[in-house]
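Data block below; observations after.
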Amino acid sequence: MYALLFFATASLSGCYWENFSKTERVEPLVLTAPDSIESLIEHVREATQQGLRIRMTGSGHSHSDVAVTEDVLLRPIQLIDVLALDRERLLDPNASHLVRVESGITIRALNTYLDDQGLALKNMGGYDGQTIIGAAMTGTHGSGLDYGPIASQIASLQVVVDAGQVLQIEPSQGITNAATFPGTLEENPGIPVTLIQNDTLFNAIKVSIGSMGIVYSVVLETDSRFWLEEKRTLTTWDKIKTPGGFLHRLINGVPLDDEGPQPDYYELQYNPYKVGGERSILVTKRYKSYEPLDIDTERGQPGTTFLSGLITVFEKPLIWIVDNLQFIAPILVEQSLKSQSDDSYKNISYKIFNIGVVNYTDAYAMEMAFDVNESIAAIERAFALGEQLQVDGIVHSAPVSIRFVKAADELIAMQQGRDTMIIEFIMINGIKGDRQLFNTYAQTLMEEFYARPHWGLDFKLLQGSDWAATVFPQWHTWLSQYEQLNPNGTFDGRVTDRLGISINPR
């Protein structure tokens, strides 16, 4: 028996899986790393027959329970290949910029391959160690209102669903010629594949928190290779929110720069505390060039900014300082912003997007998403919450980041249906009151603004389907698609239990 055999193996060896931040740990019945779609099909088929749950992790970068099950847990570390794209299957065999990859490839490895091909991701987050499908499934994003989340770059995906059936899912006007589709897998004509071109299902599965099947491959729509010049300027909140200021221009659709090229990507960082009566804001703008730029020394290494150097070299002493000398926290954050200002940096796109060594710091992050038109009110409410937490003896250990993302079609993406402003709160692990800080921001902003959490960074904030439906307007539409592809609860997990939507709850 599949279950009994692997139960004995896992129990004797003490096999466990733990995420990067150690917020989730599980000793599943089966922990394995399939190396082919044949293996994926077999595992899903066996799990279905035995009545077991099966899910696949990404890189483990998410702090949440989104990847976890106690039954069969797959790791994607061997599903990392670039795959052939059969252009005879496409409506337009000459379509450029389409790339097909296995779901476990990391964004870092994908960037290297794309660069060699003269291509690039259109946008990405600040970390490149995530798997491409893990980043997509949780709604991970970059910044810039011309660009949606990473999932928006998916043109087609192949997924193993209940009982081991393979589906190829695309939008209604998909890239594949349905009339001539052979109904088999490119790598193995002996494996049948059902093509489904349906907007609702496509927009449900691209961000589906790993609960609608095990994704084997994706086709991505990429960009030509490009370079970025990044410019950072230190200003104040009062200046960016008034007419003529950055945020006022952005909300009102006014060009962000008075003249010359406009930035394609942009984001903000702010000090939660006033220093000298002003609240500092660091404005970062990134300008795209398809012509090579003179590349600067690679940034993002230890010590290249004040706070990254302090964190990576003196992480434990910094925790003591922030906990015991809290009056220093505003000064540390202010110095972090100042150390990055009046700075210009040019490099290939993915090296600009990647924030570097700080990704490997023992820290937590939480994101909340708002309608971009509520930016000023939401940010000022966050200011007030930060000041109240300071009175209560809980202080920030890093600047707060603000990003902007184009409205998304994905049904339960945090950017669904509206141009979005996202606030990211970061705390070094171990600093006093970190969870209370996150909970205070999350509960207040969800209740007052119906803010949406990031699925990978939500710290179990969403409890129950009713509350999820409150913040995600397309929640019930997504549920109908989820139930269609998970009829027997094969892809249930901790996250579906928490949300109260498991087909077979535990």
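Flag: Asn111 matches the condition of being closer than 14 Å to Asp223 by Cα, not charged (D, E, K, R) and not in a loop (DSSP other than H, G, I, E, B). Selection of helices (runs of 4 or more DSSP H) fully inside the range 399-506 by the criterion of at least 1 residues being at pLDDT below 95 returns 434-449, 465-471. Taking the criterion of being out of contact with any Ser or Thr (no Cβ under 9 Å at 6 or more places or on another chain) and under 23 Å from Leu185 (Cα atoms), the only residue of the range 144-154 that qualifies is Ile154.
Output yes when any residue across the range 175-188 is over 13 Å from Asp86 (Cβ atoms), crowded, with 18+ Cβ neighbours inside 10 Å, in contact with a strand residue (DSSP E or B) (Cβ under 6 Å, 6 or more places away or on another chain) and at pLDDT 95 or above, and no when none is. Checked the range 175-188: no residue is over 13 Å from Asp86 (Cβ atoms), crowded, with 18+ Cβ neighbours inside 10 Å, in contact with a strand residue (DSSP E or B) (Cβ under 6 Å, 6 or more places away or on another chain) and at pLDDT 95 or above. Among the residues making up the range 114-129, a single one is part of a helix (DSSP H, G or I) and surrounded by fewer than 15 Cβ atoms within 10 Å (Cβ to Cβ): Asp116.
Every test in (1) under 21 Å from Ser349 (Cβ atoms); (2) assigned to a loop (DSSP other than H, G, I, E, B) is passed by Val66 save one, and that test is (1). All conditions but one from (1) within 16 Å of His43 (Cα to Cα); (2) in a loop (DSSP other than H, G, I, E, B) apply to Leu73; the one that does not is (2). Hey, any hits in the range 235-254 for a residue that's small (Gly, Ala, Ser), under 24 Å from Glu334 (Cβ atoms) and surrounded by 16 or more Cβ atoms within 10 Å (Cβ to Cβ)? Taking every residue of the range 235-254 in turn, at least one turns out to be small (Gly, Ala, Ser), under 24 Å from Glu334 (Cβ atoms) and surrounded by 16 or more Cβ atoms within 10 Å (Cβ to Cβ). Screening Asp419 against (1) in the same structural domain as Ala382 (by TED's automatic domain parsing); (2) over 20 Å from Leu145 (Cβ atoms); (3) of a type in the set (Asp, Glu) leaves a single unmet condition, (2).
Looking at Ala151, Ala136, Ala163, just one residue is touching a residue at least 40 places away in the same chain (Cβ under 8 Å), surrounded by fewer than 24 Cβ atoms within 10 Å (Cβ to Cβ), in the same structural domain as Leu91 (by TED's automatic domain parsing) and in a helix (DSSP H, G or I), and that residue is Ala163.
Take Val207 and tell me if it is in contact with a helix residue (DSSP H, G or I) (Cβ under 8 Å, 6 or more places away or on another chain) and not in a loop (DSSP other than H, G, I, E, B). If you could, list the steps in order and put the result at the bottom.
Details: in contact with a helix residue (DSSP H, G or I) (Cβ under 8 Å, 6 or more places away or on another chain): yes; not in a loop (DSSP other than H, G, I, E, B): no.
It is false that Val207 is in contact with a helix residue (DSSP H, G or I) (Cβ under 8 Å, 6 or more places away or on another chain) and not in a loop (DSSP other than H, G, I, E, B).
The values are calculated or read from the model by the stated rules, or taken from the named source; none is laboratory data. Treat the numbers as computed from the prediction; the structure is a model and nothing was measured. A quick note on method: Cβ atoms are made from the backbone with ideal geometry, for glycine too, and the neighbour counts reach across all protein chains shown.
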